[in-house]
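Visitor: Structure incoming, see below.
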Amino acid sequence: MSRRKISHQGRATPQRPRLWGKHAVAAALDNPERKVLRAWASRETAAFMQFPKDLPVTLAEAPDLGRLVPHDAPHQGVVIEVEPLEEAWLDELLGNPADRAMLLVLDQVTDPHNVGAILRSAAAFGAIGIVTQDRHSPPESGTVAKAASGALERVPWVRVVNLARALEEIGKAGFWRIGLTGDAETELAQALGPDKIALVLGAEGAGLRPNTREHCDALARLPITDVVESLNVSNAAAVALYAAAIA
């Protein structure tokens, strides 16, 4: 390991994102599919991180680490630069032989914190993956990875060009597609049933687009009270996954 003051290290790019935070970094280091290019760490954090022997690691103080990440990002004493994961493909995901499976489909959910939190819930409840539209979803980033708390490395993330066409493929693969929307008459518990479930969630405010709704087998709402108008999309995903998991 080397130790020097970090004066300028450029910025993270989609081709070379930076991840930070102990859980996100540890998961990336444990993932054989993830190529880690370099690392920066405080002496305290470096003492217990399992860095590969051939990985260039620079020891740095907290203020210097702060210059490597977006303003106020909670780096927890460690930052790594990586290559993006290889693309996941929908047909491979749908080829999962399990008789019972849950899948999440996100319709233009663009906030990286929400996508990261949804990945974390997907991992917690055993979903086989998430599907997003390529042009309307965030790229891999430290923000997504930190919110996912390691799940970015564990949950397949499929990006598709056409979400409606992807929903057609998901339906043909035997998944019952449930679109979550507050104006549905049916509650989620009544819409569940089949062993393979695809939960479809829209962006906050806009919700599901009309064409996305048309490609769902059922529309359902979560049974929340009138005290709040709706749930954050990541909270809604967690509640829906739990309901589907115990059904």
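Visitor: Could you work out how far helix 163-172 tilts from the main Cα principal axis of the chain, as a 0 to 90 degree angle to the nearest 10?
Guide: 60
Visitor: Residues in the stretch 127-171 near a label at Gln50, defined as backbone nitrogen under 19 Å from the 7 Å Cα→Cβ point?
Guide: Backbone N within reach: 149-155.
Visitor: Stretched out fully, how many nm does the piece from Arg154 to Thr13 gain, at 0.36 nm a residue minus the Cα gap?
Guide: Length gained, Arg154 through Thr13: 48.6 nm.
Visitor: Another one. Let's test the formula: R0 of 25 Å, r as the Cβ-Cβ distance of Thr110 and Asn235. What FRET efficiency results, to the nearest 0.05?
Guide: That gives a FRET efficiency of 0.90.
Visitor: Report the normalised scattering of the chain as log10 I(q)/I(0) at q = 0.10, 0.11 Å⁻¹, calculated by the Debye formula with identical scatterers on the alpha carbons.
Guide: Those come out to -0.52, -0.61, one per q.
Visitor: On full extension of the chain, what length is gained from Asp30 through Ala247, given 0.36 nm per residue of separation minus the C-alpha to C-alpha distance?
Guide: This chain segment gains 74.8 nm when fully extended.
Visitor: 7 Å from Cα along Cα→Cβ at both Glu83 and Val228: what's the point-to-point distance in nm?
Guide: According to this spin-label approximation, the distance is 4.1 nm.
Visitor: Which three extents, in angstrom, do the Cα atoms of the stretch 61-127 have along their principal axes, listed largest first?
Guide: Ordered largest first, the stretch 61-127 gives principal extents of 50, 22, 22 Å.
Visitor: How many nm is it between the label spots at Gln190 and Glu204, if each spot is 7 Å from the Cα in line with the beta carbon?
Guide: Label-label distance for Gln190 and Glu204, simple model: 2.9 nm.
Visitor: Follow-up question, since we're still on this one. How big is the Rg/Rh ratio for the stretch 2-82, C-alpha atoms only, Rh by Kirkwood, two decimals?
Guide: Ratio value, two decimals: 0.91.
Visitor: Okay, next question. For the chain, take the longest principal axis of its alpha carbons; what is the angle in degrees between that and the long axis of helix 233-246, to the nearest 10 within 0 to 90?
Guide: Value to nearest ten degrees: 60.
Visitor: Pairing the Cα long axis of helix 112-124 with the longest principal axis of the chain, what angle in degrees results, from 0 to 90 and rounded to the nearest 10?
Guide: In the chain, helix 112-124 runs at an angle near 70 degrees to the longest axis.
Visitor: Let me ask something else about it. Over the C-alpha atoms of the stretch 77-116, what are the Rg and the largest Cα-to-Cα span, Dmax, in Å?
Guide: For the stretch 77-116, the Cα radius of gyration and maximum Cα-Cα distance read 14.7, 43 Å.
Visitor: While we're looking at this one, here's another question. Express the Stokes-Einstein translational diffusion coefficient of the stretch 135-247 in µm² s⁻¹, to the nearest whole number, given a Kirkwood radius over alpha-carbon pairs, 10 °C and a viscosity of 1.306 mPa s.
Guide: Working: Rh = 15.2 Å.
In µm²/s, the coefficient is 105.
Read-outs throughout are calculated quantities, based only on the coordinates presented, and are distinct from any laboratory measurement. Keep in mind that what you see is a predicted model, and the values were worked out from it rather than measured. Reconstructed Cβ throughout: ideal geometry from the backbone, glycine too, with neighbour counts over all protein chains shown.
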